[in-house]
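Quick one: the structure is below, and I'll ask about it shortly.
The values are calculated or read from the model by the stated rules, or taken from the named source; none is laboratory data. These numbers were taken from a predicted model, which means no experiment stands behind them. We place every Cβ from the backbone using ideal geometry, glycine too, and count neighbours over all the protein chains shown. What goes into the accessible areas is simple: the full protein's heavy atoms, side chains included, and nothing from ligands, DNA or RNA. Shrake-Rupley method; radii C 1.70, N 1.55, O 1.52, S 1.80 Å.
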Amino acid sequence: MKRLLILCFAACTAVLATAEVRLPQFIADGMVLQQQTDVRLWGWVDKFYGGTAGRAVTVTTSWDGRQYTATSDADGRFEVTVQTPAAGGPYDVTFNDGMQRRLTNVLIGEVWLCSGQSNMEMPVKGYKGQPVEGSTDELFQCRDPQLRLFFAARGARQQPQRDLAGSWKEADIVTVRDFSATAYFFGKALRQMLGVPVGLICTAYGGSACEAWMKAEWLRDFPEVQQTISADDVQKLQQRCPTALYNGQLAPLVGYGLRGAIWYQGEDNVPRCSYYAPLLARMVEGWREEWRQGAFPFYYCQIAPFDYAHIDWAKYNSALLREQQLKAETLIPNARMAVLLDAGLEDGIHPRKKRQAGQRLALLALSNTYDVKGLPDFATYSSVEFKGDTAIVAFDRSKEWVYFEHGHHSPNFEVAGADRVFHPAEAWVSRNRVYVRSDEVKQPVAVRYAFRDWVVGDLMHDGLPVSSFRTDNW
């Protein structure tokens, strides 16, 4: 009997010593790996987080038959860096620490991180009573086995996590219906233009603050932000708690090979808009530091117009947040902003026009990251000249000239004189200049365009809206 117990113990020990490696849920069957680069893969040598130090793990990639070997650390964690080929697949990746684990249906292509608050999280089916425009038609044509979707579960945490819940799915009616609409339309456009597999990792949380997606040390330059975070703070504030979403929904993903990131967030920061541009810039800098991939592309949506009086924020002007987002383009290298001034919803903070959001982000990526020629660009305000009673507004990136979407005039311009009182103004276009005047202001010194919460943007360039702007800083 004693001998039998000894044999059983030895057998159990042998099984534990060669237990199948544990992998993060995003390193799994059906994943997409970034093409033609060095990609990090990691896991743990047993099904527990603890693990055993010093155990050898071999990783084999079927696209080239190469083997990579790593040794687990004191926590049982191992990591290898593998070289990926040009886009293609499906392939296998095998992990072996004495017991083999094989991942199948792995594609090589373009991988993008998609993050933000509710307008990034909003699924193709919409929210209850808040539909996405054209979603039913889209479901009829959404099936694409080479568009892969990973939707991370929500999770605000006090400490950085090692994993997060989610799984890779091929694009079809069921998976697309519940996936981020903005991210889906972005990924679909990349698939159509590039013809390679695309992987989208969406980690978003409705109502989240920019501060929640940042590490504590990145926030030290912002005295307005709470610095010491307790478990009670996380429980109470959830997605608005500084660092909580970095810990729960971003930290586990750090290091997974990406081409770049897209971002749709800002509504929650409207009451704190005065420092949003440097805050966002520090967040992006921090993400890039963590990923160790250099200044990867970062494309983001400017928040769409909405009447914030509906949520008792009438004392704030969301145009100031949009202004900060426009400023962020000048602070963040390799970043551009998609304007949504014509795609808002007066009585809803979740606009229905998510196709425009995703496709405009794709325009930026295709033009600036993938060097696709011939696509339109967003013109931006550059300068103003005052001649008598008329202000003459000039624009950058406006080689196709600006114009008004509806007719030859716009109701969205205002001018002010030295008294700083703004009056509605007449506006008209000549080539890439807008001329603005008001009978009430004989000597204008400042111009504003669409500088209020709710507006239907009508100043366009090459089919794309121009951001709201002001020439003053009052």
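Residues checked against (1) charged (D, E, K, R); (2) part of a loop (DSSP other than H, G, I, E, B); (3) open to solvent by 10 Å² or more (accessible area, probe 1.4 Å):
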| residue | (1), (2), (3) |
| --- | --- |
| Tyr316 | no, yes, yes |
| Leu321 | no, no, no |
| Met337 | no, no, no |
| Leu341 | no, yes, no |
| Gly344 | no, yes, yes |
| Arg355 | yes, no, yes |
| Arg360 | yes, no, yes |
| Ser367 | no, no, yes |
| Lys373 | yes, yes, yes |
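Determine whether Pro223 is within 22 Å of Cys273 (Cβ to Cβ) and open to solvent by 10 Å² or more (accessible area, probe 1.4 Å).
Criteria met by Pro223.
Turning to a different aspect of this structure: Considering region 158-187 alone, what residues qualify as being without any contact (Cβ under 8 Å) to a residue 40 or more places away in the chain and either open to solvent by 10 Å² or more (accessible area, probe 1.4 Å) or under 30 Å from Thr228 (Cα atoms) (or both)? Walk me through how you get there before you give the answer.
Step one: filter region 158-187 for residues without any contact (Cβ under 8 Å) to a residue 40 or more places away in the chain, giving 171-175.
Across region 158-187, the qualifying residues are Asp172, Ile173, Val174, Thr175.
List the number of the failed condition for His423; all other conditions in (1) part of a loop (DSSP other than H, G, I, E, B); (2) open to solvent by 10 Å² or more (accessible area, probe 1.4 Å); (3) not charged (D, E, K, R) hold.
(1)
Still on this structure: From Gly358, Gly344, grab the single residue that is over 17 Å from the mean Cα position of the chain (by Cα) and modelled with pLDDT of 95 or more.
Going through Gly358, Gly344 in turn, the sole match is Gly344.
Kindly establish whether Phe48 is in a loop (DSSP other than H, G, I, E, B), modelled with pLDDT of 50 or more and touching a Gly at 6+ places or on another chain (Cβ under 9 Å).
no
If I go through region 436-453 residue by residue, how many of them are open to solvent by 60 Å² or more (accessible area, probe 1.4 Å) and over 12 Å from Asn412 (Cα atoms)?
5
Determine whether Val106 is open to solvent by less than 10 Å² (accessible area, probe 1.4 Å) and under 19 Å from the mean Cα position of the chain (by Cα).
Details: open to solvent by less than 10 Å² (accessible area, probe 1.4 Å): yes; under 19 Å from the mean Cα position of the chain (by Cα): no.
Here the answer is no, as Val106 does not meet what is asked.
Output yes when any residue across region 458-471 is surrounded by fewer than 18 Cβ atoms within 10 Å (Cβ to Cβ) and of a type in the set (Lys, Arg), and no when none is. Write out each step before concluding.
First, the residues of region 458-471 that are surrounded by fewer than 18 Cβ atoms within 10 Å (Cβ to Cβ): 462-463.
Of the ones still in play, those that are also of a type in the set (Lys, Arg) are none.
No; the residues of region 458-471 include none that is surrounded by fewer than 18 Cβ atoms within 10 Å (Cβ to Cβ) and of a type in the set (Lys, Arg).
Take the residues in region 188-215 that are open to solvent by 40 Å² or more (accessible area, probe 1.4 Å) and of a type in the set (A, V, I, L, M, F, W, C), then tell me which one is farthest from Leu258 (Cα to Cα).
Among them, the one singled out is Met193.
A follow-up question, please. I'd like to check something: does region 367-374 contain any residue that is at pLDDT 95 or above, under 30 Å from Ala425 (Cβ atoms) and within 21 Å of the chain's Cα centre (by Cα)?
From region 367-374, those at pLDDT 95 or above are 367-374; that's our starting set.
Cutting the leftovers down to under 30 Å from Ala425 (Cβ atoms) gives us none.
For region 367-374, residues at pLDDT 95 or above, under 30 Å from Ala425 (Cβ atoms) and within 21 Å of the chain's Cα centre (by Cα): absent.
Residues are listed down the side, and each one gets a yes or a no for (1) more than 17 Å from Leu341 (Cβ to Cβ); (2) small (Gly, Ala, Ser); (3) in a loop (DSSP other than H, G, I, E, B):
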| site | (1), (2), (3) |
| --- | --- |
| Tyr370 | yes, no, yes |
| His406 | no, no, yes |
| Pro411 | no, no, yes |
| Ala427 | no, yes, no |
| Val436 | yes, no, no |
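Given the condition open to solvent by 10 Å² or more (accessible area, probe 1.4 Å) and either part of a strand (DSSP E or B) or within 30 Å of Ile27 (Cα to Cα) (or both), answer yes or no: does some residue in region 264-281 qualify?
Yes: region 264-281 contains one or more residues that are open to solvent by 10 Å² or more (accessible area, probe 1.4 Å) and either part of a strand (DSSP E or B) or within 30 Å of Ile27 (Cα to Cα) (or both).
Here's a follow-up. Take Arg288 and tell me if it is under 14 Å from Leu113 (Cα atoms), touching a Phe, Trp or Tyr at 6+ places or on another chain (Cβ under 8 Å), open to solvent by 10 Å² or more (accessible area, probe 1.4 Å) and in a helix (DSSP H, G or I).
Answer is yes for this residue.
Among the residues of region 291-302, write down those that are open to solvent by less than 10 Å² (accessible area, probe 1.4 Å) and either out of contact with any strand residue (DSSP E or B) (no Cβ under 8 Å at 6 or more places or on another chain) or in a helix (DSSP H, G or I) (or both).
If the condition is that a residue be open to solvent by less than 10 Å² (accessible area, probe 1.4 Å) and either out of contact with any strand residue (DSSP E or B) (no Cβ under 8 Å at 6 or more places or on another chain) or in a helix (DSSP H, G or I) (or both), then Trp291 is the only one that fits.
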